[in-house]
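Okay, so here's the structure we're looking at.
The values are calculated or read from the model by the stated rules, or taken from the named source; none is laboratory data. All figures in this text were calculated on a predicted structure; none of them were measured in a lab. As a convention, Cβ positions derive from the backbone with ideal geometry for all residues, glycine included, and neighbour counts pool all protein chains shown.
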Amino acid sequence: MLEIRDLFKTYDNKPLLRGISFSVSKGETICLLGASGSGKSTLLRMVAGLEFPESGLILLNGIDLAQTPPHLRDFGLVFQDYGLFPHLNIFENIAFGLRMRNVPAETIKPRVAEMLDLVNLQGFENRKVTDLSGGEQQRVALARALAPSPRLLMFDEPLGALDKSLKEDLLNQIRAILHKTKIPAIYVTHDQDEAFTIADRILFLHDGEIIRDGTPDEVWTNPKSAWVARMLGMGNVVEGRMQKAEGRMWNVTTDFGSFNVGCKHRHSVGEKVSLLVKQSGEGDELKLKVEDVLFKRDQFEVQTKNGLVIHMKEAPKVGEIIRVKVQIECLA
Ligand code: ADP
Ligand code: MG
């Protein structure tokens with residue numbers, strides 16, 4: 001098991017990562033989801049041993065890796081730009097890590113063939129890197145990373161350079177291979193669709209910290225933070241003010257009315273809170289005045305006077321009052 005414990009990393013006196021802790025178990029794929037510049041690649045480079053934190057520990061099966069150089073960590077890396085050796089053919093690219101470990105030639109040959117089989121590129125041994133499409137190159141990069149049976153696989157936005165249709169295909173292949181080999185993996189992306197497809201557990205990286213950690217299902221049903229709810233486009237995130245409580249039921253006022261919201265957090269009277277307003281078949285009914293209507297694929301996105309955005313099958317008229325049922329949750 002890989003365990004990251006309280007990592008801190010600073011660049012130019014600015015904290016980039018602050019107290020990052022998580023673990024990856026055998027057979028588990030965790031996904032680090034964060035905006036560009038949030039420190040995802042830096043975190044991976046530290047796990048790989050290519051860069052060092054100011055403080056914190058990286059442990060593998062309880063052993064601190066601080067003194068273990070990158071090539072002795074036995075971790076496989078797959079990058080966005082493939083990083084294949086252009087002067088070597090496909091066979092030699094995949095054999096590279098095995099040769100570095102002095103694996104005998106008679107073992108290397110069938111192992112390379114096995115890896116090509118796994119990524120669906122049977123018979124590609126003698127091809128040149130430059131003759132391959134982007135998707136094929138990335139599959140070779142994956143085969144190269146897998147060949148030495150790494151103890152951990154790390155993916156840094158591996159689909160970033162590929163077309164949309166190819167992306168989906170390759171993502172499903174990676175997912176199948178990770179399930180089959182049971183190699184623990186850290187998959188880094190800024191794309192939430194990718195994260196929800198591949199992850200057993202998603203970690204949201206924001207402002208240097210992991211602000212939410214859970215299975216895709218847990219995160220979707222309970223985002224727990226305004227930032228996560230916004231990032232996932234789950235509904236309207238609005239401000240409310242707590243008025244009074246009866247047990248766990250709070251009365252909260254908003255720009256579009258006052259409501260009773262069940263809430264497990266601790267709040268005080270007058271406190272400002274973030275609320276998630278989700279359209280729903282049942283719940284509180286709102287009357288909202290239409291300000292603008294935008295066509296969005298199979299539905300209409302309706303901007304209302306109170307700032308809420310509502311989705312409707314039929315386009316209302318600007319100025320019209322619409323009735324919408326919503327569920328309101330307190331985010332924190
Ligand atoms: P991400 O992969 O999430 O896009 P990175 O880890 O590549 O983010 O980088 C996060 C930020 O850290 C960058 O915006 C940059 O300002 C800073 N950074 C990364 N590497 C260095 C470096 N070697 N020297 C100085 N600053 C760096
Ligand atoms: Mg990056």
A careful count of residues in the stretch 76-121 that are closer than 22 Å to Val47 by Cβ, out of contact with any Lys or Arg (no Cβ under 7 Å at 6 or more places or on another chain) and not aliphatic (A, V, I, L, M) gives 7
Looking at the stretch 5-49, which of the residues that are within 13 Å of ligand 1 (Cβ to nearest atom) and among the β-branched types (Val, Ile, Thr) is surrounded by the fewest Cβ atoms within 10 Å (Cβ to Cβ)? Thr10
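Yes/no matrix, rows are residues, columns are (1) assigned to a loop (DSSP other than H, G, I, E, B); (2) modelled with pLDDT under 95; (3) within 16 Å of ligand 1 (Cβ to nearest atom):
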site	(1), (2), (3)
Ile183	yes, no, no
Val188	no, no, yes
Leu203	no, no, yes
Ala245	no, yes, no
The condition from (1) within 15 Å of ligand 1 (Cβ to nearest atom); (2) within 23 Å of Ile4 (Cα to Cα) that Gly160 misses is numbered (2)
Looking only at residues in the stretch 112-150 that are buried (at least 20 other Cβ atoms within 10 Å of the Cβ) and basic (Lys, Arg), which one is farthest from the chain's Cα centre (by Cα)? Arg144
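Any chance the stretch 156-164 includes a residue that's of a type outside the set (A, V, I, L, M, F, W, C), under 23 Å from Lys40 (Cβ atoms), modelled with pLDDT under 95 and in a loop (DSSP other than H, G, I, E, B)? Let's see the steps before the verdict.
As a first pass, look at the stretch 156-164 and keep what is of a type outside the set (A, V, I, L, M, F, W, C): 156-158, 160, 163-164.
Filter once more, keeping what is under 23 Å from Lys40 (Cβ atoms): 156-158, 160, 163-164.
Those still in the list that are modelled with pLDDT under 95 too: 160, 163-164.
Then keep just the ones that are in a loop (DSSP other than H, G, I, E, B); that gives 160, 163.
Checking the stretch 156-164: at least one residue is of a type outside the set (A, V, I, L, M, F, W, C), under 23 Å from Lys40 (Cβ atoms), modelled with pLDDT under 95 and in a loop (DSSP other than H, G, I, E, B).
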Given the conditions (1) surrounded by 15 or more Cβ atoms within 10 Å (Cβ to Cβ); (2) within 23 Å of Arg212 (Cβ to Cβ); (3) at pLDDT 95 or above, and given that Ile322 satisfies all but one, which numbered condition is not satisfied? (2)
Suppose we filter Asp193, Asp156, Asp200 for residues that are surrounded by fewer than 23 Cβ atoms within 10 Å (Cβ to Cβ) and touching a Cys at 6+ places or on another chain (Cβ under 9 Å); which single one remains? Asp200
Within the stretch 7-47, tally of residues that are closer than 21 Å to Leu171 by Cα, within 13 Å of ligand 2 (Cβ to nearest atom) and part of a strand (DSSP E or B): 3
Among residues of the stretch 50-81 being farther than 23 Å from Arg201 by Cβ and touching a helix residue (DSSP H, G or I) at 6+ places or on another chain (Cβ under 8 Å), the residue surrounded by the fewest Cβ atoms within 10 Å (Cβ to Cβ) is His71
Scan the stretch 122-135 and give yes if some residue there is under 25 Å from Leu2 (Cα atoms) and not in a strand (DSSP E or B), otherwise no. no
Look through the stretch 255-299, keep the residues that are of a type in the set (Ser, Thr, Tyr) and within 32 Å of the chain's Cα centre (by Cα), and return whichever of them is nearest to Met312 (Cα to Cα). Ser280
Considering only residues that are acidic (Asp, Glu) and part of a loop (DSSP other than H, G, I, E, B), look in the stretch 48-107 and name the one that is farthest from Ile186 (Cα to Cα). Glu54
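For Arg175, are the conditions met, namely being assigned by TED's automatic domain parsing to the domain that holds Val78 and over 18 Å from the mean Cα position of the chain (by Cα)?
So Arg175 does not fit the description; no.
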Part of a strand (DSSP E or B) and charged (D, E, K, R): does that describe Glu301? yes
